1. For the chain, just say rounded, prolate or oblate: build the C-alpha gyration tensor, square-root its eigenvalues into a ≥ b ≥ c, call rounded for a/c under 1.5, and beyond that prolate if a/b exceeds b/c, oblate if not.
2. Around residue 233, what is the net charge, scoring Lys/Arg as +1 and Asp/Glu as -1 over all other residues with Cβ under 11 Å from its Cβ?
3. Express the accessible area of the chain per residue in Å², computed with a 1.4 Å probe while the remaining protein chains stay in the model.
4. DSSP loop (so not H, G, I, E, B), at most 15 other Cβ within 10 Å: list which trypsin sites (Lys or Arg not before Pro) in the range 137-201 pass both filters.
5. Going by the alpha-carbon gyration tensor, a ≥ b ≥ c the square roots of its eigenvalues, is the range 151-274 rounded (a/c under 1.5) or, if a/c is not under 1.5, prolate (a/b greater than b/c) versus oblate?
6. Leaving ligands, DNA and RNA out of it, work out the accessible area of residue 88 with a 1.4 Å probe and give it in Å² to the nearest 10.
7. Which value results for Rg/Rh of the range 32-155 when Rg is the Cα radius of gyration and Rh the Kirkwood radius based on the inverse mean 1/r?
8. Can you pull the one-decimal nm distance between simple spin-label points at residue 199 and residue 40, each 7 Å off the Cα toward Cβ?
Amino acid sequence: MPLTSDSALAGDPPAGPAPAARPVPQRAGPPAGDDPVALKVVPVRHPWRWAGIAVTAVLLAQFAHGLITNPAWEWGVFARFFTSGTILKAVGVTLQLTAYGTALGFALGLVLALMRLSASPFLRWVAFGYVWAFRSIPLIVQLLFWFNLAYLYRRLDFGIPFGPGLFHFDTMGLVGAMGAAVLGLALHQAAYAAEIVRAGVQAVDGGQVEAAAALGLPRLRRLRRIVLPQAMRSILPNATNEVISLFKGTSIVSVMAIGELFYQVQVVYGRNGRVVPLLMVATAWYILLTTVLSVLQHYVERHYAKGAAR
């Protein structure tokens with residue numbers, strides 16, 4: 001015996017009165033004739049922006065035209081001295097001063113930063129006094145002071161404190177012009193490096209260190225695997241700026257008659273009178289090497305940003 005009728009199986013509507021038709025909701029917004037989809041999109045005009053671009057482009061073109069056509073720049077002299085042996089040797093001395101000052105300065109700066117972060121008030125105050133003193137004294141004064149170290153101490157004795165010395169060095173032969181320059185640059189750089197490292201370490205959330213300690217990680221491993229990778233993201237940009245500042249600041253040691261780039265340029269234009277092209281030689285080398293440092297900074301920052309940048 002069938003349980004449904006034939007009409008139900010065929011999908012026919014049930015018999016009876018038809019239900020009332022529901023009202024069709026009206027679309028809110030503009031009438032159908034002003035449909036936003038059909039409207040023409042007109043970009044926003046920026047006449048003052050284009051005016052600024054035009055003025056800037058004209059000024060840059062005039063500057064470039066002056067560089068190319070003005071014979072006072074003496075580009076022939078520039079090309080002759082840019083890669084001369086004297087200038088290349090001076091560039092090497094400049095790079096040596098930068099490398100020594102950076103390595104020694106950041107090594108000492110790391111020690112000072114740890115002293116400032118230590119729980120000992122004595123070590124904190126000693127590090128603070130060092131940073132305060134070396135940031136307050138101009139670099140050129142420090143360089144001249146170290147250059148005249150032999151006037152204050154003719155020899156350095158190493159032995160029992162306040163007692164007899166076991167061996168000694170003559171400061172006249174120990175600290176020459178190059179040694180005084182490296183010493184002055186490194187000690188000056190250490191004061192700034194200490195603050196950069198300290199700020200980078202303090203930027204790391206303390207909760208992460210506490211969590212690592214709760215997991216039983218040794219103190220050195222916490223510093224190496226948790227603190228330093230995150231602190232480097234804050235340290236690197238400022239540290240690179242300091243290295244670039246030190247690289248350009250090596251020109252100050254010209255007062256000590258060291259054959260770095262700026263001093264050697266002065267010597268050359270003092271002989272031939274070609275001041276502007278020789279200054280352009282030094283400028284081009286400073287710009288070129290600063291650009292190289294900036295590119296290295298980009299790649300090192302990208303390395304330490306792994307896992308943080310999205």
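1. Details: a/c = 4.17, a/b = 1.75, b/c = 2.39.
It is oblate, given that a/c is not under 1.5 and a/b is not larger than b/c.
2. Working: positive: 302, 306; negative: 301.
Here the count lands on +1.
3. Values: 21170 Å² over 310 residues.
I get 68 Å² per residue for this part.
4. Numbers: sites: 154, 155, 198; in loops: 154.
Counting only loop positions with at most 15 other Cβ atoms within 10 Å, the trypsin sites (Lys or Arg not before Pro) in the range 137-201 are 154.
5. Numbers: a/c = 4.67, a/b = 1.48, b/c = 3.15.
Taking the square roots of the gyration eigenvalues as a ≥ b ≥ c, the range 151-274 is oblate.
6. The accessible area comes out at roughly 80 Å².
7. Ratio value, two decimals: 1.32.
8. Label at residue 199, label at residue 40, 5.4 nm between them.
The values are calculated or read from the model by the stated rules, or taken from the named source; none is laboratory data. Nothing here was measured: the structure is a model prediction, and the numbers come from that model. Positions of Cβ are backbone-derived with ideal geometry, glycine not excepted, and every protein chain shown enters the neighbour counts. In case anyone asks, the SASA skips ligands and DNA or RNA and just uses the protein heavy atoms, side chains included. Shrake-Rupley method; radii C 1.70, N 1.55, O 1.52, S 1.80 Å.
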